[in-house]
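**Student:** Structure provided below as structure tokens; questions to follow.
The values are calculated or read from the model by the stated rules, or taken from the named source; none is laboratory data. These numbers were taken from a predicted model, which means no experiment stands behind them. For neighbour counting, all protein chains shown are included, and Cβ atoms are generated from backbone atoms with ideal geometry for every residue, glycine included. Areas reflect the complete protein model, heavy atoms only, side chains present, ligands, DNA and RNA absent. Shrake-Rupley method; radii C 1.70, N 1.55, O 1.52, S 1.80 Å.
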Amino acid sequence: MLLHLIYVIFVVVLLQLQFDYTRAHFVANLTTTIGSNAAASAAAAAAATATVIATSTTSAVATTSSTATTTATISLDNIVRIGDGNIITREAIQQSLVTVHDIATENLGTLCISTLYRPLQVPINSERYESSRQKADLVASILQEVGIIRHGGLSDALAKGLLSDQHTTGARILALNITNGSVQSYVWWIKKNHDKNGELQRFEEEGLQVAKKPSPMYPWFADESSSPTLRSPKFAPSPPNIYYKGWWTYPYFSCSLSKWILSYSIAIPPSGRHGLRGFVSIDIDVTGLRVNQCEAPVAYRFNYQQIQTRRLHLVDTSAQSTEFINDIQAFHKSHKCHRDTMVCDYRLPTTDSPTITTSKILATPNTWSRGAYQCLCKRGYYSIRHPDGFNGTIMEIAWKEHQDNISNYYSEVFTCLKCAPGCESCTGPEPCLADYNWPFRISLLTISVACAVGCCILAGYLFHHRKVKVFKVASPIFLLITLIGCSIMYLEMVAIFPYLDTTWCVATKWTRHMGFCITYTSLLMKTWRVSLTYRVKSAHKVKLTDQQLLQWMVPILLVMLIYLGTWTISDTPYAVYINDQHGLKFKQCSYNWWDHSLAIGEVLFLAWGIRVCYNVRNAESLYNEARLISYAIYNIAIVNTAMVALHILIYPEAGPDIKYTLGFIRTQLSTTTTIALVFGPKISRIFKGQGDKWDQKAKVRSITASFSLNGVGLVPDESPDLYQENEELKEQIQKLAHQIEFIKTVHMQINNRHLKPKPGGYFTITSTSFQAPFSKNNMSSTQTQTSKTGNEESQTGSMNKGFPTNLTPSKTKSKTTEKV
């Protein structure tokens, strides 16, 4: 008796140690596998699937030929593989959902009247109950070794030991007659109310009576004589390549307990001595699991090695993973939401959740419920009738009617419609994109393209008349460069015309900034040459040729090219959505620090150009070109500043058509005005036949071609007009000769008072041909002053009357003159 007690204690301690080890092993495996990489290759996934199917088919062939035939004929689209590797059909899933729905809505029929159990047709992943299974296998091994009858108290102790597992709520050990299968003895222990923390109590089952066979209605029992190795349809197939001593049942509903139960049963072969065989079975309460028909928030991924080692890998480690472990994996992705336009959202059933068929209220919150989800429209879709989503139960009924060709509500009413183009989310069919007035935009584009073509025609006209004086003195090469820049600026209207994308945004930045740089720099170079020439204070003639100006212009353009190229490569401009005043979206090119930096540089460039133009405001030039260029530069600065202020202050939320109109106005006011100021007067003179004639106003102001500021250093490679230069030199020499003669006579008269004016000479009062700069009174006062102060003071007084010092004769010459 003492040995028997010691043996029982040893077995109980061994069971407890086995339970602790199994639980720790399961938790460690689950913890280490959470967050594992799920990105297995397609080939590995296909190989794993093929292996699972082949393994499952082989297992089915080993059981019954009918199951093998059924599995072989099932299409791949109609099968589902759950986490433990088992293969189930979609039809079995749908039938199980119907059973769950009937029980949840108390539509029991004959259930709980003629039958007390209702099993499902889908298995449950039993990995979470691995510790309970291992304990049951250990008890079965012990009983097989020691015998089922030899130690009568051992069965009772072992049954209690099985209940030490946190998941196990009931345990039973049966001693069956090997001949007729009748019950010789049994022990059945449960936790009170099948609560995991309930007290242990012995249970007497009416269906189990000594000398009688167990009732075949028990889902956990199968007669080994009729079902060798317990391979009965009551039991779920074991996972592939995994060996269990017993078999797991399908989950079933117990009417007596009002709970969902999962059992594990083991048949113990007879020892051959007493003619008895044993049967061990445990019950696990699975009511706490969830029938979640939505997609798994944490996806399961398997490869071949994971299936072999029975390790469950979770991709995500979010907070939902804990709840997800309680989901019955066979029901995942069995919802009836339209997968293209809807997303499934699991909703835990409550006591206030009415059913669609009986309108009954669930007595208690039940996680075993079909349709416990909402079908929500995906982002970019909407439903006017059901903005908060479609009830899952209604979707289940509508789907069933659609399958049976009863109604088309599922495909026509319970659907989500696509939002209007450009809407990321919406509540109705209202548009999200701003409308483009294409006829209006095309008209503006036509004008801009015509202006660009006109610039090209004007460039050809300029090249043809490049030797005409009105073009020749204005540097034809710079005029051509200006026209090229203007045509590029016009092409900006082409770049911003269509729906903007990355390509058009790059074209917009290049045409806008490069066209401005070319046009503005060519005009500024000519004005800068005028400024340098105008500020020269020496008699030396400054010559700045076109080639020298081009050498200054090329680095400026090169800097702009490098900047735009670096911008395009490193941070390519792209189109972004912005909203207008009505909340409608349209695309506009992005603005960042590249734009801001370039804008600051262009403002400084404009400021320098304005300063240069201000310095040459009084400069004289042929055909008044310097002043007209200054006006053009002023106009460019004013227009660009005004348009920026208009965009920011007055129209910050302007629509696409308004922005296109503002861009057109800016282009016309700046570019077209520049062309009109620079080229308008020149073309007008050519049309009037005055293109080769010098400017008459310049001649009046004594501005000639060789001394004009815009004519300095022009076309040095061509032969000069010698005849014209000779005529100009003769004119200047004659003027100087008259001035010298006049000064000589004046000095002679002042220093020789005894000489009388020659009749008809410079100092004759009656002479009207040429009046001397001194009047008679002035001469008298001068002679009086000379008589009082002497010759030197007389000479000084004459100088103060208006003669320059370098024209006053020296004392030696004065004495000589007096002698004469």
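**Student:** Go through segment 126-162 and report how many residues are open to solvent by 10 Å² or more (accessible area, probe 1.4 Å) and aliphatic (A, V, I, L, M).
**Tutor:** 6
**Student:** Give segment 544-579 a look and list any residue that's assigned to a strand (DSSP E or B) and open to solvent by 40 Å² or more (accessible area, probe 1.4 Å), or say none.
**Tutor:** If the condition is that a residue be assigned to a strand (DSSP E or B) and open to solvent by 40 Å² or more (accessible area, probe 1.4 Å), then 576, 577, 578, 579 are the ones that fit.
**Student:** In segment 459-480, how many are open to solvent by 30 Å² or more (accessible area, probe 1.4 Å) and not basic (Lys, Arg)?
**Tutor:** 7
**Student:** Still on this structure, I have one more. Would you be able to tell me the number of residues in segment 185-220 that are at pLDDT 85 or above, in contact with a helix residue (DSSP H, G or I) (Cβ under 9 Å, 6 or more places away or on another chain) and surrounded by 13 or more Cβ atoms within 10 Å (Cβ to Cβ)?
**Tutor:** 6
**Student:** Return yes or no: is residue 455 buried (at least 16 other Cβ atoms within 10 Å of the Cβ), under 35 Å from the mean Cα position of the chain (by Cα), at negative phi and of a type outside the set (Phe, Trp, Tyr)?
**Tutor:** no
**Student:** Taking the condition of being over 20 Å from residue 454 (Cβ atoms) and either open to solvent by less than 20 Å² (accessible area, probe 1.4 Å) or not in a helix (DSSP H, G or I) (or both), how many residues in segment 497-519 meet it?
**Tutor:** So the answer is 9.
**Student:** Go through segment 224-245 and count every residue that is assigned to a helix (DSSP H, G or I) and either exposed (fewer than 15 other Cβ atoms within 10 Å of the Cβ) or at pLDDT 75 or above (or both).
**Tutor:** Matching residues across segment 224-245 total 2.
**Student:** In segment 96-120, what count of residues is obtained for those that are charged (D, E, K, R) and assigned to a loop (DSSP other than H, G, I, E, B)?
**Tutor:** So the count comes out to 1.
**Student:** Could we say that residue 610 is part of a helix (DSSP H, G or I) and open to solvent by less than 90 Å² (accessible area, probe 1.4 Å) here?
**Tutor:** Judged against the criteria, residue 610 is a match.
**Student:** Which residue pairs have Cβ atoms under 7 Å apart, sit 6 or more places apart or on different chains, and have a first residue in segment 734-745 that is at pLDDT 85 or above and a second that is open to solvent by less than 80 Å² (accessible area, probe 1.4 Å) and of a type in the set (Asp, Glu)?
**Tutor:** none
**Student:** Name, by its number, the condition in (1) surrounded by 17 or more Cβ atoms within 10 Å (Cβ to Cβ); (2) more than 16 Å from residue 655 (Cβ to Cβ); (3) not small (Gly, Ala, Ser) that does not hold for residue 587.
**Tutor:** Just one mismatch for residue 587, condition (2).
**Student:** Can I ask one more? Across segment 437-482, what is the number of residues that are assigned to a loop (DSSP other than H, G, I, E, B) and at pLDDT 90 or above?
**Tutor:** 1
**Student:** Also, quick follow-up: Return the total of residues in segment 414-444 being touching a helix residue (DSSP H, G or I) at 6+ places or on another chain (Cβ under 8 Å) and aliphatic (A, V, I, L, M).
**Tutor:** Counting residues in segment 414-444 that are touching a helix residue (DSSP H, G or I) at 6+ places or on another chain (Cβ under 8 Å) and aliphatic (A, V, I, L, M) gives 2.
Conditions tested, residue by residue: (1) at pLDDT below 75; (2) open to solvent by 30 Å² or more (accessible area, probe 1.4 Å); (3) not in a loop (DSSP other than H, G, I, E, B).
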site	(1), (2), (3)
667	no, no, yes
671	no, no, yes
679	no, no, yes
697	yes, yes, yes
720	yes, yes, no
729	no, yes, yes
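**Student:** Quick one: is residue 165 buried (at least 21 other Cβ atoms within 10 Å of the Cβ) and of a type in the set (Asp, Glu)?
**Tutor:** So residue 165 passes the test.
**Student:** For segment 121-217, list the strands (runs of 3 or more DSSP E) that sit wholly inside it and hold at least 1 residues that are closer than 19 Å to residue 255 by Cα; which are they?
**Tutor:** Ranges flagged: 168-177, 183-191.
**Student:** Applying the selection to segment 248-285, what residues are at pLDDT 90 or above and in a loop (DSSP other than H, G, I, E, B)?
**Tutor:** Passing the criteria: 250, 251.
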